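Below: the structure, in structure tokens.
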Amino acid sequence: MKKKILLPILSVAIFIGVVLAWQHSREDRAAPGKLTLYGNVDIRQVQVAFKGSERIAKMLAREGDAVKKGELLAMLDTDRLKANVELRKAEFSAQQQIVERLESGSRPEEIGKARAELDAARIDAANAERSYLRLKDLASRHFVSDQQADNARAAAEAAEARSKAAEEVLRLAVKGPRREDIESAKAALKADQAGLSLATIDLEDASLYAPSDGIIRDRIQEPGDMTSPEKPVYTLALTDPVWVRAYVPESDLGKLKLGMAAKVETDSYAGREYRGWIGYISPSAEFTPKSVETAELRTSLSYQVRIFVCNPRNELRLGMPATVTISLLDPIKAAPCRKP
């Protein structure tokens, strides 16, 4: 008998509670001067990877570690990379010496040697010419054979040719290397310098640094793994910016402006408010409507809104449900977050 009496009473109490909650929700939503939105905390994530392909030597961060921008996270084995840098340095240094030698031109000692060789060649040519003239005269008087005179003439001509060659050697020594040879050597030097720069960059890229402040969410690889740019090493959850992804009905869209201040609350930290502001309002509806719309369908469209939130204690987590309250009576622009 008691059960029969309690069941109707319990049903009525539940009904009354549901009605009151629904009415309270309507009153809260329709409260003048404020707009309440519901959404979830959203955080950007970065897949961090090495730029080169090599075996991992060290992993310095673990899941859950808070890291700062520029902090060292991991290192590759660098033996091969260091050897390549030394090789490129040697090639660059050798080519640098070639360029300096060509730009300096001939040394005074080289020019002096060429001049002395020219003087000797001229003396030999003059002596050969005199010998030829004497033998020619003797041959005309039949004191020597014509063959001897011909040999003397050939020797004189050869001596004269050597003298002219020595003149050209001296001229080239004084003039120095050709401009084309110098430019070619300089181009080779630039190529060696570029090769050294690339080798140095490869060595620097063997160290992996955090691109931004954040928290290590996943440690994907371990020391000894062979990595490459296509294989992420860590997943980094960025701690800035943090925002709440919410949706606003089309009927309330005109009430919102970029930069409007907002208060954010979560179930995890009841009673604690986080300062925020509207940072993004979607230019289009979240869901594509039908081609023909009634007035009811148009007013039921929703648009995505992002409310950026100050999170000084790093309490907000990805996916956390959040309630956003925006004041419409006195809309003000929120100031940027201050670092704790």
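The values are calculated or read from the model by the stated rules, or taken from the named source; none is laboratory data. Remember, predicted model here, so these are calculated numbers, not experimental data. Backbone-built Cβ (ideal geometry, glycine too); neighbour counts: all protein chains shown.
Among what's in the stretch 112-136 and is crowded, with 17+ Cβ neighbours inside 10 Å and of a type in the set (A, V, I, L, M), pick the residue that is nearest to the chain's Cα centre (by Cα). It comes out as A114. Among the residues making up the stretch 138-150, those that are free of Cβ contacts under 8 Å to residues at least 12 places away in the same chain and either basic (K, R) or surrounded by 13 or more Cβ atoms within 10 Å (Cβ to Cβ) (or both) are L138, A139, R141, V144, D150. Of the residues making up the stretch 102-136, those that are outside any helix (DSSP H, G or I) and of a type outside the set (K, R) number 2. If the condition is being basic (K, R) and not in a loop (DSSP other than H, G, I, E, B), then the stretch 43-89 contributes R44, R55, K58, R80, K82, R88, K89. Residue check: is V174 of a type in the set (V, I, T) and under 60 Å from the mean Cα position of the chain (by Cα)? The answer is yes for V174.
Just one of the listed residues (I215, I182) is in contact with a helix residue (DSSP H, G or I) (Cβ under 6 Å, 6 or more places away or on another chain) and touching a residue at least 60 places away in the same chain (Cβ under 8 Å), and it is I182. Restricting attention to the stretch 189-206, does a residue exist that is surrounded by 12 or more Cβ atoms within 10 Å (Cβ to Cβ), assigned to a strand (DSSP E or B) and in contact with a strand residue (DSSP E or B) (Cβ under 8 Å, 6 or more places away or on another chain)? No, there is no match, as no residue in the stretch 189-206 is surrounded by 12 or more Cβ atoms within 10 Å (Cβ to Cβ), assigned to a strand (DSSP E or B) and in contact with a strand residue (DSSP E or B) (Cβ under 8 Å, 6 or more places away or on another chain).
For K231, the stated conditions do not hold, so it cannot be described as basic (K, R), over 18 Å from the mean Cα position of the chain (by Cα) and either modelled with pLDDT of 90 or more or part of a loop (DSSP other than H, G, I, E, B) (or both).
Counting only residues that are modelled with pLDDT of 85 or more, more than 21 Å from A116 (Cβ to Cβ) and among the charged types (D, E, K, R), the stretch 138-178 holds 2 of them.
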